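This report concerns only the one structure given below.
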Amino acid sequence: MRKIIFGAGYECQKLLSYIKEHIAFIVDNDWKKWGTSVLGVTIKSPEEIREDDEIYIATSPVYAQDIANSLLRRGVHNFWMARSLMTYSLKNCNEDIYSLKNKYCGRSCFIIGTGPSLRVSDLEQIEKAGIYSFASNKIFKIFKQTKWRPDFYCAFDREFISQYLEEICCIRAKGLFINDVFDYPGCKHLKREKLNKKNTYLFTSGFDSYISDKGELIPIFSEDASFFVNEGMTVTYAMMQLAYFMGIKEMYLLGIDFSYGDTTGLDSGKNDHFCKDYIKKGEIVNPPDLKTNLLAYQEAERFSRNHDFRIYNATRGGRLEVFERVDFDKLME
């Protein structure tokens, strides 16, 4: 049975050096690439695919579902993400992150979002109670209003890291978890040495999934963050996987409203985040992908119930109903 990669872009190039010996050829929708090659592997038309081929999709979640749909229309059902092949090729874990495995076993934490429902007073209660917290992205914009600081900070998005590396480096936390994007196109200008601190952990990200009965690509919840942290098109999913790997048994979401008035991500109405100046003029942002986010959250809920930990939603309002709701005020009592 032939193994074929679908997608000849950067994701393919990143993976191919590890798995090329398993691959018959590459296919891509861009006819201009047909007849060329990547690392010696020929690129062909999708018309070359047969029903009994194994297809490995090498692209971002943004395009992966469209490719999956096109394969299903062709009668092809044997397809996975290309990272599934890498699982059998890569053996070395990230030793820095592996050192955190179950380090906080049995503890609870808050996973803090940046939605409009987030309150300074809630963060101060979390600090007073001594409960661990994870936060991300521009949470540093709230620091002037409170002494609270996250114990763990996470940055996932390439565009965000590229634009805000200086601010990230100034965050005081027990652990800074940064997506290792430094070799990506558009990020090679970043200076990796800025993050040479004892509390900084560079993790490997990727997108792996399984196919639901409805043909949806469900983002897998990574069981081993020292190997890779899976994309769900939201940094919250990354923080959940990291917290699980570190042994956290109860996670409480706060400030994760799961709703956007401006679906471009630019927050033109100034009501999608906890502060009005969250998005600055000219900033490059990725629009929210609530469909993929929802699939990721649903998978996190399923995974948690099968792996002896729980995720609760303590957000004040919002539209995220995947996780069991708890009242923040009663919880803090």
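The values are calculated or read from the model by the stated rules, or taken from the named source; none is laboratory data. In this text, all values refer to a predicted model and were calculated from it rather than measured experimentally. Neighbour counts are summed over all protein chains in view; Cβ atoms, including those assigned to glycine, are modelled from backbone coordinates with ideal geometry. These accessible areas exclude ligands, DNA and RNA; they are computed on the full protein's heavy atoms, side chains included. Shrake-Rupley method; radii C 1.70, N 1.55, O 1.52, S 1.80 Å.
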Which numbered condition trips up GLU250, out of (1) surrounded by fewer than 19 Cβ atoms within 10 Å (Cβ to Cβ); (2) of a type outside the set (Ser, Thr, Tyr); (3) closer than 20 Å to THR114 by Cβ? (3)
Among the listed residues LYS141, LYS194, which satisfies the condition of being in contact with a helix residue (DSSP H, G or I) (Cβ under 6 Å, 6 or more places away or on another chain), outside any loop (DSSP other than H, G, I, E, B) and open to solvent by 10 Å² or more (accessible area, probe 1.4 Å)? LYS194
For residues in the stretch 145-171 being surrounded by fewer than 16 Cβ atoms within 10 Å (Cβ to Cβ) and in contact with a Phe, Trp or Tyr (Cβ under 9 Å, 6 or more places away or on another chain), which is nearest to TYR98 (Cα to Cα)? CYS170
For residues that are open to solvent by 60 Å² or more (accessible area, probe 1.4 Å) and more than 23 Å from PRO61 (Cα to Cα), tally how many sit in the stretch 253-291. 8
Mind listing just one residue for me: the one in the stretch 112-134 that is farther than 24 Å from TYR244 by Cα and of a type in the set (Ser, Thr, Tyr) and, of those, nearest to the chain's Cα centre (by Cα)? SER117
Leading residue by the ranking (most open to solvent (accessible area, probe 1.4 Å)) among those in the stretch 38-81 that are hydroxyl-bearing (Ser, Thr, Tyr) and over 25 Å from LEU290 (Cβ atoms): THR42
Give PHE177, PHE110 a once-over and let me know the one that is among the aromatic types (Phe, Trp, Tyr), at pLDDT 95 or above and closer than 27 Å to ASP262 by Cα. PHE110
SER222 meets each of (1) touching a strand residue (DSSP E or B) at 6+ places or on another chain (Cβ under 8 Å); (2) touching a residue at least 60 places away in the same chain (Cβ under 8 Å) with one exception, condition (2)
Within the stretch 230-258, work out how many residues are part of a strand (DSSP E or B) and at pLDDT 95 or above. 5
